[in-house]
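Worksheet: the structure to be examined is printed underneath.
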Amino acid sequence: MEHVVKIGRYEIVDATFNNDNMETVSIPGKTNPGLVDQLDGWDSETSVPASIDGKAVDLQIGHYDKEQDLWVLKKPA
């Protein structure tokens, strides 16, 4: 099942989730240069306002996976 992820004005159509509970979302580094620049400027303490399938959620920057060129964001515990 595909999900719609939005961060600000950016709709991420190629995001993937770690499992069915969608606790972790991975965003490819080449998805959108403007979004990637924003993610790169935020630290792990920054709350990232987003929506998943139209439902508002705050995400946190987990890490950048250099090997897979992915930004990994997670829902706060």
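Some observations on this one:
- The overall shape of segment 5-74, judged from the alpha-carbon gyration tensor, is rounded, with an a/c ratio under 1.5.
- Across 46, 24, 16, mean-square fluctuation computed from a Gaussian network of the chain (C-alpha pairs under 10 Å connected) peaks at 46.
- Amide H to amide H distances under 5 Å link residue 59 with 48, 50, where only residues 5 or more positions off or on other chains count and H is placed in the peptide plane.
- Cut-off 18 Å (backbone N to label point 7 Å along Cα→Cβ of residue 14), residues of segment 37-53: 37-40
- J(HN,Hα) series, segment 58-72, from Karplus relation 6.51 cos²θ - 1.76 cosθ + 1.60, nearest Hz, glycine and proline x: 9, 10, 10, 5, x, 6, 9, 8, 5, 5, 9, 6, 10, 8, 10
- 3J(HN,Hα) from dihedral phi, segment 23-39, Karplus parametrisation 6.51/-1.76/1.60, rounded to Hz, x for glycine, proline: 7, 10, 10, 10, 10, x, x, 9, 4, 6, x, x, 5, 4, 4, 5, 4
Readers should treat all values here as calculations from the given coordinates under stated rules, not as data from a laboratory. Predicted, not measured: the structure shown is a model, and the values here were computed from it. Please note: Cβ atoms are built from the backbone with ideal geometry, for glycine as well, and neighbour counts cover all protein chains shown.
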